[in-house]
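In what follows, a single structure is set out as structure tokens and then discussed.
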Amino acid sequence: MPGYEPFLLCDFHVHTQWSDGKLTVAEVVDLYGSTGKFDVIAITDHILMKNDLLARAGRLATLGRRAFGVREQDFDAYLQDIEREARRARERYGMLLLPGAEITQNRLRGKKNSHIIALGIRSFISADQPADAILREIRRQGALSIACHPHHRTTRRIEISTCYLWDHRDELAGLVDVWEAANRDDLFSVTSLKHFPYVANSDFHKPKHLYSWKTLVRSDKTWPAISRALRSNVDVALTLFRNGSWAA
């Protein structure tokens, strides 16, 4: 996109109404596409554990109108929605739209919580299994895994900590492809101190989250090339996207 050569401006962590986002996939495409800046975005709605207490409370509050996660029986329809909008994103905005999911484990004991993005996923992955099994299944599908907000330790009761992957990095680092070094407005410098491959994402749920940390990748605008670039993590940079401008 103009102003970013030779890098691609990317956001690999976006939620829609398929889980707990405010916009439809089509509305997300139009929001990002209308900036004239973004090259690549990924739809990564939540796949939840069956006994996710936060989602259960949300479903009660909305009288069952919202599921807050993609269910296994709806997963094919979810991918079809992304595929349909991917064609429109490419034709109208020259933007690559990737399919993904955030396999989400929210437990009462925060130390056991992990959120793992699977980019390029093609089959449903249950959140009701150990984190290492989730990571192995992502790899089996040829998808790419991202450890989401891996060093987020909550200070407020309404939030949850998501540090399981980081706290068990010595045993899991070989299975995690990339770690979030920045998420929305937060920076996790610990990932760079460990020299782990990193990205920056918005964790988009509502329009104001457009203005947040993003990733710059020097790569061809194809998923195989982007996947290789993220894994090698050589030509990757973090950028703060603010009101249509950026500062690397």
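The values are calculated or read from the model by the stated rules, or taken from the named source; none is laboratory data. Everything numeric in this text was worked out from a predicted model, so none of it was measured. A quick note on method: Cβ atoms are made from the backbone with ideal geometry, for glycine too, and the neighbour counts reach across all protein chains shown. Side chains included, ligands, DNA and RNA excluded: accessible areas come from the protein's heavy atoms. Shrake-Rupley method; radii C 1.70, N 1.55, O 1.52, S 1.80 Å.
List of remarks:
- Annotation note: of 116, 43, 82, the sole residue that is within 17 Å of the chain's Cα centre (by Cα), β-branched (Val, Ile, Thr) and either modelled with pLDDT under 95 or in a helix (DSSP H, G or I) (or both) is 82.
- Residue match in region 55-71 (condition: of a type outside the set (D, E, K, R), in a loop (DSSP other than H, G, I, E, B), modelled with pLDDT of 95 or more and open to solvent by less than 50 Å² (accessible area, probe 1.4 Å)): yes
- Residue within region 217-226 that is of a type in the set (A, V, I, L, M) and within 27 Å of residue 163 (Cβ to Cβ) present: yes
- Every pair of residues 6+ apart whose Cβ atoms lie under 8 Å, when the first sits in region 123-145 and is part of a helix (DSSP H, G or I) while the second is surrounded by 15 or more Cβ atoms within 10 Å (Cβ to Cβ) and aromatic (Phe, Trp, Tyr): 131/164
- Breaking point among (1) open to solvent by less than 20 Å² (accessible area, probe 1.4 Å); (2) at negative phi, for residue 130: (1)
- Look at (1) over 21 Å from residue 86 (Cα atoms); (2) more than 17 Å from the chain's Cα centre (by Cα); (3) basic (Lys, Arg) and you find that residue 221 fails only one, number (1).
- Matching residues, region 210-226, being surrounded by fewer than 20 Cβ atoms within 10 Å (Cβ to Cβ) and either free of Cβ contacts under 8 Å to residues at least 40 places away in the same chain or within 25 Å of residue 19 (Cα to Cα) (or both): 211, 220, 223, 224, 225
- Pairs are defined by a Cβ separation below 8 Å, a sequence spacing of at least 6 or placement on different chains, a first member in region 63-76 that is over 17 Å from residue 21 (Cα atoms), and a second member that is modelled with pLDDT of 95 or more; the pairs so defined are 72/124; 72/126.
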